[in-house]
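Sharing a structure with you now.
The values are calculated or read from the model by the stated rules, or taken from the named source; none is laboratory data. If you're wondering where the values come from, they're calculated on a predicted model, not measured in any experiment. Here Cβ is always computed from backbone atoms with ideal geometry, including for glycine, and neighbour counts include all displayed protein chains. The protein model used for the area step is the full one, side chains on, heavy atoms only, and it has no ligands, DNA or RNA in it. Shrake-Rupley method; radii C 1.70, N 1.55, O 1.52, S 1.80 Å.
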Amino acid sequence: MSRNSRPLLVVLSGPSGVGKDAVLGLMRSVGMPMHFVVTATTRSKRSRETDGVDYCFVSRESFQRLIAQGGLLEWAEVYGNFYGVPRDQVKQALEANRDVIIKVDVQSAMTIRKAVPQAVLIFLAPPSMEELERRLRRRKTESDADLERRIATASAEMEMQREFDFVVINDEIERAVLEIQGLIAGEKRKSSPAD
């Protein structure tokens, strides 16, 4: 990748259970030279999550303060909890000429597209809706009612993939990460100034 190219803002999105966290985890472990934004949320921490690594877990009051102070690039209420992208993280990384990747739900990706039209939006899709439902059930992190709501929402979100710049099928995590790396490298080449 050219050091002279402008830093990219990459948005990774897709339905709940598609494997966004797993893909980002592998991207981190292979040393992709990007700033991985840590989203703020009001939802409860799951047992295998680490505050400040997986999410910044905050109270509803703290989240409301962030909104009021303009501290979020975007925010949304999803499944009864608030999620938001801390503006300072994104701004500081881009100003340091670092590429940035943000993981958000589909609704938030559309908000970012309006706010930052040059952002590169990647939709992570499951091989099938049946496989997505199997993954969601296997997680066992939601009540039956929440699980049914996530499945219904995922079906509607799949219809939104045409609004994204790229669609990557997450049928095998290593292959999906390689494809995303290739897409980012291609976008970096496009943003490099002509010699």
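Which far-off residues, 5 or more places away or on another chain, put their amide H under 5 Å from the one on Cys56, with H placed in the peptide plane?
Thr39, Ala40, Thr41
Stretched out fully, how many nm does the piece from Ser29 to Met129 gain, at 0.36 nm a residue minus the Cα gap?
Full extension of this stretch gives 33.2 nm more.
Provide Rg and Dmax in Å for the chain, with only Cα atoms included in the calculation.
16.5, 57
May I ask you to give the solvent-accessible area per residue for region 1-131, in square angstrom, as obtained with a 1.4 angstrom probe?
48
Among the complete DSSP H segments of the chain, which ones combine at least 18 Å of alpha-carbon extent along their axis with a mean Kyte-Doolittle hydropathy of -0.5 or more?
What comes out of the filter, once short or polar helices are dropped, is 144-158, 173-191.
Related question: Take the Cα of Tyr79, step 7 Å along the line toward its Cβ, and report every residue of region 98-118 whose backbone nitrogen sits under 13 Å from that point.
105-106
Same structure, new question: With a cut-off of at most 14 other beta carbons within 10 Å, and DSSP calling the residue loop, which chymotrypsin sites (Phe, Trp or Tyr not before Pro) in region 34-132 qualify? Please list them. Don't jump to the answer; show the numbers that get you there.
Details: sites: Phe36, Tyr55, Phe57, Phe63, Trp75, Tyr79, Phe82, Tyr83, Phe123; in loops: Tyr79.
Answer in residue order: Tyr79.
Excluding ligands and nucleic acids, what accessible area in Å² is computed for Asp21 using a 1.4 Å probe, to the nearest 10?
90
Turning to a different aspect of this structure: Hey, for a label at Asp146 modelled as a point 7 Å past Cα toward Cβ, could you say which residues of region 48-82 have their backbone N under 18 Å away?
Output list for this probe position: 48-51, 54-60, 76-82.
I've got another one for you. So if we plug the beta-carbon distance of Ser5 and Asp51 into 1/(1 + (r/R0)^6) with R0 = 35 Å, what FRET efficiency do we get, rounded to 0.05?
Details: r = 34 Å, r/R0 = 0.96.
E(calc), rounded to 0.05, equals 0.55.
Loop only per DSSP, at most 15 neighbouring Cβ atoms within 10 Å: give me the GluC sites (Glu not before Pro) in region 142-182, ordered by residue number.
Working: sites: Glu142, Glu148, Glu157, Glu159, Glu163, Glu172, Glu174, Glu179; in loops: Glu142, Glu172.
When the GluC sites (Glu not before Pro) of region 142-182 are filtered for loop state and at most 15 Cβ neighbours within 10 Å, Glu172 remain.
Continuing with the same structure: Restricting attention to region 1-109, which trypsin sites (Lys or Arg not before Pro) occupy a DSSP loop and are surrounded by at most 16 other Cβ atoms within 10 Å? Provide the component values of the computation, followed by the final result.
On the way: sites: Arg3, Lys20, Arg28, Arg43, Lys45, Arg46, Arg48, Arg60, Arg65, Arg87, Lys91, Arg98, Lys103; in loops: Arg3, Arg43, Lys45, Arg46, Arg48, Arg98.
Passing sites in region 1-109 are Arg3, Arg43, Lys45, Arg46, Arg48, Arg98.
Which stretch or stretches of region 174-194 have amide N atoms under 16 Å from the point lying 7 Å from Ala22's Cα along the Cα→Cβ direction?
The answer is 174-180.
Work the Kirkwood hydrodynamic radius out for region 35-79: mean of 1/r over every pair of different alpha-carbon atoms, inverted, in Å. Let's see the in-between values first.
Values: mean 1/r = 0.0888 Å⁻¹.
One decimal place: 11.3 Å for the Kirkwood radius.
Kindly provide the pair-distance distribution of region 109-195 built from C-alpha pairs, with 5 Å bins from 0 and whole-percent values in order of increasing distance.
3, 12, 18, 18, 19, 14, 8, 4, 2, 1, 1, 0
Same structure, new question: Under 23 Å Cα to Cα from Lys91, which lysines show up? Leave out anything in the same chain fewer than 8 places away.
Lys20, Lys103, Lys114, Lys188, Lys190
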